[in-house]
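What follows is one structure encoded as structure tokens, with my remarks underneath.
The values are calculated or read from the model by the stated rules, or taken from the named source; none is laboratory data. On a predicted model such as this, the values are computed, not experimentally measured, just so you know. For neighbour counting, all protein chains shown are included, and Cβ atoms are generated from backbone atoms with ideal geometry for every residue, glycine included.
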Amino acid sequence: MENKPIVTCGGDQALFTSLYTPLAQQLPREPMEWRRTYGRAPKMIHLEANFVQFKEELLPKEGNKALLTFPFLHIYWTDCCDTEAYKGSVKEDMTRWQNSLRGHGSVDWVIVVVETNDAKKKNKTNILPRSSIVDKIRNDFCNKQSDRCVVLSDPLKDSSRSQESWSSFLLKLRTLLLMSFTKNLGRFEDDMRTLREKRTQPGWSFCEYFMVQEELAFVFEMLQQFEDALVQYDELDALFTQYVLNFGAGDGANWLGSFCAPVQNWSGLMLRRPIDMEKRDSIQRGEASLLDLRSYLFSRQCTLLIFLQRPWEVTQRALELLHNCPQPLSVPGALDCWVFLSCLEVLHRIEGCCDPAQLAANCSHTVGLWAYATDKLKCLGELCGLVSEKGPTSEDLNRTVDLLAGLGDERPETINSLLSPYKKLKEALSSVVAFERHYLELSHAAMEMYKEINRLRSARLVGKSLAEFYMRKGEPERAEVFLQEALKSYVSEGWSLPVTHTRKNIAACQKLLGRTEDYLQTCALLAGDANLTDEERKNFCQEILSFASKSTDKSAQKVTLSMTAFAQLTRLEFRPSTASVHSGAVLQVELSLRCLMPVAVRIQQLSASIHFSLEQAGTHGRSKGPPRQTNPGTVHFAQPHSSGNAVPASATTPSLELDEIQDRSPSDNSLNSTGIVCKNTHLVMRRHDSGLSPDTANSVSPPSVAVDDGAQMLKVQDVTLEPGNNAVVFTAGDPGTYTLRQLCATVGQVQFVLPHIYPLIQYEVYSQEPQLTVEPLSEPLLAGLPQSVRFTLLTGHYAVKKGDALQLSNSDAMPLLPSAACKASILSPTNGESSLSIQSSEKVTSISLPPTPPYHTLEFHLEVLCVIPPGPDRPPNERLTNGECPRTSTNHNCPWSIYSTLLPLTFYIPFKTKHSLLSAGNRKYIQVCVQNVSDASFQLAELSLSEKQEASLELQSLNTKAQQLVCSKQSVFCLWEVRWKTDLPSCLQCVFSASFSPLGQPASSFKPFLYQFQLERVTTLYSVRAEILPATGEQQCRSGTLCGLEVCITRLTEPAEGELAEEGKTDSDGLRTTKLMYEVADSSSNWAVCGKSSGMVSMPVAANATHRAHIEVMPLFAGHLPFPKIKVFKYLPHTATQAIQPDPDSCVENDTLSLLDKNLDDPQGDTASLRSRGSVHSLGSGEQQRGLPMPRLEPFGPGQVFNHSHAQQVLVLPATDDHIMEVNAT
Amino acid sequence: MAVCIAVIAKENYPLYIRSVPTQNELKFHYTVHTSLDVVEEKISAAGKAMADQRELYLGLLYPTEDYKVYGYVTNSKVKFVIVVDSSNTSLRDNEIRSMFRKLHNSFTDVMCNPFYNPGDPVQSKVFEGMVSGMMVQVS
């Protein structure tokens, strides 16, 4: 039943009873503002009251501080309306009532006069106005306090008047009640404060004070002021705590002694009742234990907080209370019991007042309690021997009994609840199975909740403790899951100490489970763990070693472990540093391994498996690929941090390797897009939770390591790895390019494998084919002279033995010149030189080579001569390829090749020779021009020219006999006159011969030089003679006046047989004639040809036939002018079909022809191109050109036409003598 | 005074952790590690409220039977955790705050050292000395 402030009612009880119901209903209906003392904020409160009949005993005695039973207001009810009656009885009664009140010092009273219309009507005539009674009462009792008398009119009627009167009455009542509260509570608080101030005095008792302040709290609670009530309890709590602290500091208060009594009961908090009267009584009696007082205080706070709708504060306070519960109880485990029970009790209480959804949303507040309860139950279980494999001992059982005894009997209010904390604890402690069930239930609940609110670390910690439980129970398989999960989290966040600890647990677990491989791997990690003591590390190391030395049968699979835990590869160095050697040489690879084991470990075999990559094999290799450090040949490996300060994998994400990409369109190579790609996305984007880098020393579980079986390996046997840095040297062998892949250390049955060596490291052992190169000693090679050629033999993998010979097949064009003093030098560190012996036979030159080791260079020089091919001119730098065949001897043990090879050598002929035929009338001269095209200077001697066929021919030299010097790029001209006796053949086969030697060489070194050529159409057929005649009457030619050009063409010889057949002849008038065409042209614009410039001549084919032509020309300038050119062509009628090939010798004339074209300035482009196409040239009218059956012109060969007036000049005088000279004098 | 002081990197690995030598170091590691749960919870809660003028001091992270764990997070998400013995009631919030402030200042000095590589474990002697001053002197 709820407490309400007490209001006494005196006077007419029947009247009060009739009004009680509406009064009790209406009083709390309207709130009232309560102004508070001490600056406390005013509050609106709904007042309620417990109306009781006035009794003298109700009035508090002097010194009674009880507030709950304190009557705050006294009401006197009367409906007296009769003066007589008033005077007779009511006044007396009232006086007595007031006196008794006054006697107890109570001033909170009110007199209610109820008026009814019935009464009024009844006494309408013979009584005083009703007010008089009220006035009388006011006069008699309420001196100066007229408000203490209230009139209530027609309270039971439903009229507006009655309502009004009710409301004013209620207002008055409330006001008075509040006044009373304020006054009485104020007085009470003052008293209480006074009492509190006395707390330093001896004899002060906290319990007494507690009761006083709690009284106040009760009143506030009664007034529904839970906040204020809570404040009272908090104050008490703080005061008590302060005392306890002071007590701890030595400031003991006597009253505290009572709390020091040994605790006999640890039944936990009881939160189901609003007030635990048992405890309260014991506090009142001063018999409560510390635990009782705390429990009671908390239960009250809890109740009030729940009233205040603040259940989450309860949990928080509960945790605080439970954590701070300071007193270790005498019976071990008792405190645990108390905490456990209390946790569950609080949780039950909260569950009782919240709906499940609310609970789920706020499990962050409750989870602490769950976890705490779990923890405590585990402690209890351990204490009572419920966690061990064997079950509790008798000692444990005794302890359990003691603990259970302290729980006492179950409280009556929970006796029917199936899941009360009390029952749970009792059950849990009763048997191993029940304990396990309860413990697991709690653990899982706590873990679930932690996970729900994303406190994964906390969840894992609970999981770890669960794992410990399983381990004690001897169920390692269930423990492992939790341990691994916890380990993963610690590893990923880089907490080394927890990692070590958890890993130790895992090791124990794996050992029990018999997971040899995993266990050994964990042992390896632990043996290298700097967080452990040396002793522990040695133990773990010993575990591995003893397993390794177990002599199991050989067929058993070796256990493969990750090397990262065992040793770290810190450095790798190649010797030589290029990491590239030829086969047969020694390539050393020095590995620096940092062994993490605490003791020296003897490794039976350390092997590095290598991967052979074909693509590089045998070539001249440079090691490539791995990003080189500054020191080539040495690779430093990135070190995972020492496990002491491991940075977690998540923090060491690899840096981005970015590359630019450009996308160009395939058609026009224009840029479509460009961008950046990350080359190592697979590393960067890797999920960190699942894909932990297996390389870190902190890896959760050893990654399964694949061993390259059957791969090639570098091996070292029997190495002892000391703790710390070790150097191991491997020696590499077979040719090829190799990539280091894995490193594997074998200790008995155990293999430590480093699955990947990164960065990629390659080395190369190359094997080279023997190679022979021939190159000229001096560039260019000159033909016709002995030249030195260098032979370079790279022996490669082939060792040249004694007796091996190089065989060169001789060719006629290029004989080898044997020389005795031929030396071969072997380029090697020991610069040896040995002689060569060269045997030359007709076909083959055999060079026996000195013995040379592989990968050396053998070099020797040979003299070769390239014979200059005589005969017609060739392009000067023709390549002469001469076969040389390096052939092995028949003996099969020394070949490097069974094939013969062509070695091309390019020789250059030093001279360029030209010949020309010169004529003077009938006399003929042959000119030979020898041009030195080489860079060297030569001596020329014994120049001679001979004719092969005609013996009758005499060639008379017109040259000096002496040697002639031809400097580089200079020419020598030689001339011979041709004399003949009978007849000059039309074709001459000439051979020019000379001997030459480089300048400064002795005379013996002269080498012949031959030049063959052929001359055709040598004979002079026509002579042309021109003469310029001045105009008639003039002595000299004058510029601007016409002159006559007389051209006289004379046939000199009888036609030869061949000529007759070849030339187009026309028989006209029975005479054989040849058609000739002459043309006068002036290329230098000296002459203007007037009228006909060309003409056709039919020459009779007979000696001395002459044709004269007269042509008008006009000199344009004065002075000595050369004659205009007169050209004579063969005129072939159109019937002739023979195409005329351009003759090299006619080139000069062609040039002049085209020059002439330009002078003519023909506007027609097409005809110009037609004309310039070749030697075909037609003059005159356009019909001639366009007509398809075109007659053609063919020039004569050089020497066939002799021009007498060639280069002749004529004096031309100026046109008049009157020269106008303008002289300007200024 | 404190029984354990830890500096934890943004990525939640310890940059520095030191506890009273007489007590179980491992336990403190576990405690501090677990406290990160609450730190993260508080950071995310505070982040939602006001990202700019966030209070660096996170207050009591969680109490245990033996210890009180306080947290503090710098603007660069480096966390400081101070563990105080539960029985030590003389330490008020203000003292804890000032301890954190001192810690923060000292840590800033460490970060200012050009030879210190951010993310590496803190090995500064000055920092060490300051921490020692804040720890309980166990006789």
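In this structure, does A:S592 turn out to be in a loop (DSSP other than H, G, I, E, B), under 33 Å from the mean Cα position of the chain (by Cα) and farther than 30 Å from B:A6 by Cβ? No.
Evaluating A:F240 against the criteria (1) in a helix (DSSP H, G or I); (2) surrounded by fewer than 21 Cβ atoms within 10 Å (Cβ to Cβ); (3) at pLDDT below 75 leaves one unmet condition, (3). Taking the stretch A:435-460, which residues are surrounded by fewer than 17 Cβ atoms within 10 Å (Cβ to Cβ), within 14 Å of chain B (Cβ to nearest Cβ) and in a helix (DSSP H, G or I)? Hits for the stretch A:435-460 are A:K451, A:E452.
Please determine whether any residue of the stretch B:50-62 is of a type in the set (S, T, N, Q), out of contact with any Cys (no Cβ under 8 Å at 6 or more places or on another chain), more than 14 Å from every other protein chain (Cβ to nearest Cβ) and under 20 Å from B:V131 (Cα atoms). No, every residue in the stretch B:50-62 fails to be of a type in the set (S, T, N, Q), out of contact with any Cys (no Cβ under 8 Å at 6 or more places or on another chain), more than 14 Å from every other protein chain (Cβ to nearest Cβ) and under 20 Å from B:V131 (Cα atoms).
Scan the stretch A:182-218 for residues that are of a type in the set (A, V, I, L, M) and under 21 Å from A:F240 (Cβ atoms) and jot them down.
A:M192, A:L195, A:M211, A:V212, A:L216, A:A217
Looking only at residues of the stretch A:489-534 that are touching a strand residue (DSSP E or B) at 6+ places or on another chain (Cβ under 9 Å) and under 20 Å from B:V32 (Cβ atoms), we find that the one that is farthest from the other protein chains (Cβ to nearest Cβ) is A:S496.
Once the stretch A:472-488 is narrowed to residues that are surrounded by fewer than 15 Cβ atoms within 10 Å (Cβ to Cβ) and in contact (Cβ under 8 Å) with a residue 24 or more places away in the chain, the residue that is nearest to A:L386 (Cα to Cα) is A:G474.
Which residue is nearest to the chain's Cα centre (by Cα), if the candidates are limited to the stretch A:727-763 and must be of a type in the set (A, V, I, L, M) and assigned to a loop (DSSP other than H, G, I, E, B)? Working first, answer last.
So the first thing to find is which residues in the stretch A:727-763 are of a type in the set (A, V, I, L, M), and the list is A:727-729, A:732, A:740, A:743, A:745, A:747, A:750, A:753-754, A:757, A:760-761.
Pick out the ones that are also assigned to a loop (DSSP other than H, G, I, E, B) and you get A:757, A:760-761.
Values: A:I757: 19, A:L760: 17, A:I761: 20 Å.
Result: A:L760.
So which of A:S282, A:S342, A:S289 is of a type in the set (G, A, S), over 60 Å from the mean Cα position of the chain (by Cα), under 28 Å from B:S90 (Cβ atoms) and modelled with pLDDT of 75 or more? Show your work before the answer.
On the way: A:S282 fails: under 28 Å from B:S90 (Cβ atoms); A:S342 fails: over 60 Å from the mean Cα position of the chain (by Cα).
Selected residue: A:S289, the only one of A:S282, A:S342, A:S289 that is of a type in the set (G, A, S), over 60 Å from the mean Cα position of the chain (by Cα), under 28 Å from B:S90 (Cβ atoms) and modelled with pLDDT of 75 or more.
Can you tell me which residue in the stretch B:10-35 is surrounded by the most Cβ atoms within 10 Å (Cβ to Cβ), limited to those that are at the interface with chain A (Cβ under 7 Å from one of its Cβ atoms) and outside any helix (DSSP H, G or I)? Let's see the steps before the verdict.
At the first step, the residues of the stretch B:10-35 found to be at the interface with chain A (Cβ under 7 Å from one of its Cβ atoms) are B:11-14, B:25-26, B:29-30, B:33-34.
Filter again for outside any helix (DSSP H, G or I), leaving B:11-14.
Working: B:E11: 19, B:N12: 21, B:Y13: 24, B:P14: 27.
Only one residue tops the list, namely B:P14.
Checked against (1) assigned to a helix (DSSP H, G or I); (2) touching a Lys or Arg at 6+ places or on another chain (Cβ under 9 Å); (3) more than 14 Å from chain B (Cβ to nearest Cβ); (4) under 27 Å from A:R310 (Cα atoms), A:E427 passes all but condition (4).
Do the conditions hold for B:E95, that is, is it under 14 Å from the mean Cα position of the chain (by Cα), of a type in the set (D, E) and more than 14 Å from chain A (Cβ to nearest Cβ)? Give the derivation first.
Values: under 14 Å from the mean Cα position of the chain (by Cα): yes; of a type in the set (D, E): yes; more than 14 Å from chain A (Cβ to nearest Cβ): yes.
Spelling it out, B:E95 is indeed under 14 Å from the mean Cα position of the chain (by Cα), of a type in the set (D, E) and more than 14 Å from chain A (Cβ to nearest Cβ).
Restricting attention to the stretch A:421-434, does a residue exist that is among the charged types (D, E, K, R) and buried (at least 22 other Cβ atoms within 10 Å of the Cβ)?
Of the residues in the stretch A:421-434, the ones among the charged types (D, E, K, R) are A:423-424, A:426-427.
Narrowing further to those that are buried (at least 22 other Cβ atoms within 10 Å of the Cβ): none.
Scanning the stretch A:421-434, I find no residue that is among the charged types (D, E, K, R) and buried (at least 22 other Cβ atoms within 10 Å of the Cβ), so the answer is no.
Of the strands (runs of 3 or more DSSP E) lying entirely inside the stretch A:467-585, those containing at least 1 residues that are more than 23 Å from A:L606 (Cα to Cα) and out of contact with any Cys (no Cβ under 9 Å at 6 or more places or on another chain) are A:580-582.
For the stretch B:99-123, which positions are within 14 Å of chain A (Cβ to nearest Cβ) and either in a helix (DSSP H, G or I) or of a type outside the set (F, W, Y) (or both)? Show your work before the answer.
Filtering the stretch B:99-123 down to residues within 14 Å of chain A (Cβ to nearest Cβ) leaves B:116-123.
B:N117, B:P118, B:G119, B:D120, B:P121, B:V122, B:Q123, listed by residue number.
Those strands (runs of 3 or more DSSP E) of the stretch A:956-1058 in which at least 2 residues are under 24 Å from A:L945 (Cβ atoms), considering only elements entirely within it, cover A:964-966, A:971-979, A:987-998, A:1007-1016.
How many of the residues in the stretch A:996-1012 are within 21 Å of A:Q927 (Cα to Cα) and surrounded by fewer than 19 Cβ atoms within 10 Å (Cβ to Cβ)?
Quick first cut of the stretch A:996-1012, residues within 21 Å of A:Q927 (Cα to Cα) only: A:996, A:1008-1012.
Filter once more, so that each one left must be surrounded by fewer than 19 Cβ atoms within 10 Å (Cβ to Cβ): A:1008, A:1010, A:1012.
The qualifying residues number 3.
If you go through the stretch A:361-377 and pick out every residue that is among the polar types (S, T, N, Q), within 12 Å of chain B (Cβ to nearest Cβ) and without any contact (Cβ under 8 Å) to a residue 60 or more places away in the chain, you end up with 0.
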